[in-house]
Amino acid sequence: MKKFLPLLLVPPILSLFACVSAQEMRNRRAQEHPEWIAPLPQADQVRILNGQIAIGDPSGAVWIALGPPSRTAVTATAEATNVVWNYTETESYVVGTQTYVSYETVHHHHHRDEVVPVVHSVDQYADREVLRVSVSFADDRVVAISAAQ
């Protein structure tokens, strides 16, 4: 039995790594980059570690609060260069339904077997990327935040 023990322990150990909460991820990012959060006032540090961002926050604080962006874009104008971080999620949706017929044999005790049609409907899914939060920066500070409702 001893030689099977490591195999029995693998699934519980793997499940521990899979269950890292958003709070734990923010704490981990803050520990990896203390220079991004340490200069901020204590109240701002608490807010960022709770996953909340505000106008005026530096990009490092946003990285700690929300994580790496899904996409980035740069917009240059005569006045300034703005960087936009977009945070997206993938969601599945039904694009259609496929219907097909199969045939099953029904056994009767006193009669001959009967073949009957059975209609099946199967939903077909696709994924789409949905914008959840967009954060605009100018001079490495948050100047605009838009969130999907």
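Sort the chain into rounded, prolate or oblate with this rule: let a ≥ b ≥ c be the square roots of the eigenvalues of the Cα gyration tensor; rounded if a/c is under 1.5, and if a/c is not under 1.5, prolate when a/b is larger than b/c, oblate otherwise.
On the way: a/c = 4.57, a/b = 1.85, b/c = 2.47.
It is oblate, given that a/c is not under 1.5 and a/b is not larger than b/c.
For the chain, what's the relative contact order in percent, using C-alpha pairs closer than 8 Å and at least 6 residues apart?
Details: 215 pairs, mean separation 29.7, N = 149.
Worked out over the chain, it gives 20 percent.
Using 7 Å Cα-to-Cβ label points, what is the M25/A78 separation (nm, one decimal)?
Result for the modelled spin labels: 4.2 nm.
Compute a Gaussian network model of the chain, connecting alpha carbons closer than 10 Å, and tell me which residue from R29, R47, R112 fluctuates the most.
Judging by the Gaussian network model, the answer is R112.
Please name which of M25, V46, Y93 has its Cα lying farthest along the dipole of the range 19-147 towards the positive end, using unit charges on Cβ (Lys, Arg +1; Asp, Glu -1) and the Cα centre as origin.
V46
How high is the relative contact order of the range 26-87? Use alpha-carbon pairs under 8 Å, at least six apart in sequence, and give a whole percent. Walk me through the intermediate numbers first.
Details: 65 pairs, mean separation 17.0, N = 62.
For the range 26-87, the relative contact order is 27 percent.
Of the residues E24, E104, E79, which exhibits the maximal mean-square fluctuation in a Gaussian network model of the chain defined by a 10 Å Cα contact cut-off?
E104
Could you sort the peptides 114-127, 55-68 by per-residue average Cβ neighbour count (10 Å cutoff), highest mean leading?
Numbers: 114-127: 9.1, 55-68: 18.7.
Result, highest mean Cβ count within 10 Å first: 55-68, 114-127.
Read-outs: derived from the displayed coordinates by stated rules, not from any lab. For clarity, every value in this text was computed on a predicted model and none was experimentally measured. Don't worry about glycine lacking a Cβ; one is built from the backbone with ideal geometry, like all the others, and counts go over all protein chains shown.
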